[in-house]
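Engineer: Here you go, one structure.
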């Protein structure tokens, strides 16, 4: 029989090992979705605490990192849920008139791209672009410029690969609001990435 | 002859472009097409618009590029290519919090 003391010591040991082994990974995972250092750190802490408590239920089948990431994913979604209220989109989220300038032009073709702001051909690959730390910085800067819910909606879709329906349920938004937020996010991110990266390099 | 064909093609493109939703109104549909199945009618409208508009061809390909970027970033993260990490202070805070709870 192991004494309670030994078991407790081992738990403390495991937890410290987790921080060393998976801390950076879990933190980077949370940060990419929340864009806030202290919330990311809090959720990593919540995750490891929950893992300590449910350690006996961990079956050892999946590897430890996968198991911990699974818990973190739930914590992140819980965090989004906590922040969700059933409120309609604010003007800041739904008003697209801030993007009208992209489609304004002096001729009879108004509504089509302004020739100076037309989307360019991006002559690169995702792998090559991501090698550059400035590019990664631009991605997170551009995401940060979006209204909170639009950014969350976009990351749940593009990073976590959730379906529109699940995202609506987490963020408590209607499907129509989902389309508005995603269109807004994509229009903005595309413009922001092009302007800050592809028009400069 | 070649010149004439070119002119006819341009006229046809203008003809189409005037009857189709403009870029401002078709871009939301491009976004939706990445997240749901589009109807046959929507598919045809998008195809025709893309036929008349090189800028929108770029737009749609940029959106796909962005999807891939975020997916690739996830794969990089999976392979421990991390762009942010815990500060030593944060690491200590975590260990302390865990110790007090265990």
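Engineer: All but one of (1) over 29 Å from residue A:137 (Cβ atoms); (2) within 9 Å of another protein chain (Cβ to nearest Cβ) hold for residue B:41; which doesn't?
Structural biologist: Checking residue B:41 against (1) over 29 Å from residue A:137 (Cβ atoms); (2) within 9 Å of another protein chain (Cβ to nearest Cβ), the one that fails is (2).
Engineer: Something else: Looking at A:102, A:72, which is the one that is in contact (Cβ under 8 Å) with a residue 24 or more places away in the chain and assigned by TED's automatic domain parsing to the domain that holds residue A:150?
Structural biologist: Details: A:72 fails: assigned by TED's automatic domain parsing to the domain that holds residue A:150.
Just a single option satisfies the conditions, and that option is A:102.
Engineer: For the range B:1-29, enumerate the residues that are facing chain A (nearest Cβ under 8 Å) and outside any loop (DSSP other than H, G, I, E, B).
Structural biologist: As a first pass, look at the range B:1-29 and keep what is facing chain A (nearest Cβ under 8 Å): B:17, B:22-25, B:27-28.
B:17, B:23, B:24, B:25, B:27, B:28, listed by residue number.
For every residue, the table says whether it meets (1) in contact with a helix residue (DSSP H, G or I) (Cβ under 6 Å, 6 or more places away or on another chain); (2) buried (at least 22 other Cβ atoms within 10 Å of the Cβ); (3) farther than 24 Å from residue A:152 by Cβ.
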{"residue": "A:20", "(1), (2), (3)": "no, no, yes"}
{"residue": "A:26", "(1), (2), (3)": "yes, yes, no"}
{"residue": "A:31", "(1), (2), (3)": "yes, yes, no"}
{"residue": "A:34", "(1), (2), (3)": "yes, no, no"}
{"residue": "A:37", "(1), (2), (3)": "no, no, no"}
{"residue": "A:42", "(1), (2), (3)": "no, no, no"}
{"residue": "A:63", "(1), (2), (3)": "no, no, yes"}
{"residue": "A:70", "(1), (2), (3)": "no, no, no"}
{"residue": "A:74", "(1), (2), (3)": "no, no, no"}
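Engineer: Here's another thing I want to ask about it. Checking the structure you have, find out if any residue of the range A:141-162 is within 12 Å of the chain's Cα centre (by Cα), more than 21 Å from residue B:35 (Cα to Cα) and more than 11 Å from chain B (Cβ to nearest Cβ).
Structural biologist: yes
Engineer: Which residues, counting only those in the range B:72-92, are more than 7 Å from every other protein chain (Cβ to nearest Cβ) and more than 22 Å from residue A:48 (Cα to Cα)?
Structural biologist: Restricting attention to the range B:72-92, the residues satisfying the condition of being more than 7 Å from every other protein chain (Cβ to nearest Cβ) are B:75, B:78-79, B:81, B:87-89, B:92.
Across the range B:72-92, the qualifying residue is only B:75.
Engineer: Check the range A:81-100 and report whether any residue there is exposed (fewer than 15 other Cβ atoms within 10 Å of the Cβ), under 19 Å from residue A:199 (Cβ atoms) and modelled with pLDDT of 85 or more.
Structural biologist: Looking through the range A:81-100, none of the residues is exposed (fewer than 15 other Cβ atoms within 10 Å of the Cβ), under 19 Å from residue A:199 (Cβ atoms) and modelled with pLDDT of 85 or more.
Engineer: Can you pull out every residue in the range A:116-138 that is within 9 Å of chain B (Cβ to nearest Cβ), more than 17 Å from residue B:26 (Cα to Cα) and free of Cβ contacts under 8 Å to residues at least 12 places away in the same chain?
Structural biologist: The answer is A:121, A:125, A:126, A:127, A:130, A:133, A:136, A:137.
The values are calculated or read from the model by the stated rules, or taken from the named source; none is laboratory data. Just so we're clear, the structure is a prediction, and the values are computed from it rather than from any experiment. FYI the Cβ positions are ideal-geometry reconstructions off the backbone, even for glycines, and counts take in every protein chain you see.
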